[in-house]
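Since every read-out is calculated from the coordinates, none of them should be taken as a lab result. Being a predicted model, the structure only gives us computed values, none of them experimental. When we count neighbours, we look across all protein chains shown, and the Cβ atoms used for this are built from the backbone with ideal geometry, even at glycine.
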Ligand SMILES: [Cu+2]
């Protein structure tokens with residue numbers, strides 16, 4: 001047991017611990033189909049990183065990215081909305097933190113397809129592939145936002 005003085009001394013450290021830190025961003029709304037397992041994996045990763053999530057299950061999530069001008073070729077299995085941006089697929093949580101901090105003039109971020117080793121796409125054998133998080137620009141153009149090995 002900590003005595004009172006030791007507890008008082010430890011308190012600032014406890015307040016600074018990640019578990020008590022503020023959420024990394026506003027509530028993120030995630031659209032997925034009911035059967036998508038890797039989508040659930042990504043949501044778990046987001047929640048572990050401190051994100052508050054709102055999950056909407058629907059039969060077809062493509063209208064969400066289409067309405068925001070994201071071409072189908074740059075799409076993935078799930079799509080999210082946060083801070084006025086669209087976030088498509090298995091984007092690492094830290095990239096979304098950076099997006100909301102830098103606030104670029106863009107539609108949002110995408111990790112097209114479902115690369116092995118991206119959050120929610122971990123393989124039992126640990127194999128990964130290199131992939132890029134792309135910044136979605138109006139008109140279907142992209143720019144590399146972050147590289148992941
Ligand atoms: Cu997926």
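Assorted remarks:
- Build a GNM of the chain with springs between Cα atoms under 10 Å apart, and of 94, 22, 106 the one that fluctuates most is 22.
- Tail beyond 19 Å, pair distance distribution of the chain (Cα, percent): 55
- Counted over the stretch 23-118, the DSSP beta bridges are approximately 45% antiparallel.
- In this label model, residue 40 and residue 57 are separated by 0.9 nm, measuring between points 7 Å along each Cα→Cβ vector.
- Applying Stokes-Einstein at 4 °C and 1.567 mPa s to the Kirkwood radius of the stretch 70-149, computed over alpha-carbon pairs, gives a translational diffusion coefficient of 102 µm² s⁻¹.
- Efficiency of FRET between residue 147 and residue 123 - r from beta-carbon atoms, R0 25 angstrom, step 0.05: 0.80
- Sites residue 22 and residue 67, calculated FRET efficiency, Cβ-Cβ separation with R0 41 Å, nearest 0.05: 0.85
- Helix-only mean residue ellipticity at 222 nm for the chain, each DSSP H run of n ≥ 4 adding -39500 (n - 2.57), per residue, nearest 500: -8000 deg cm²/dmol
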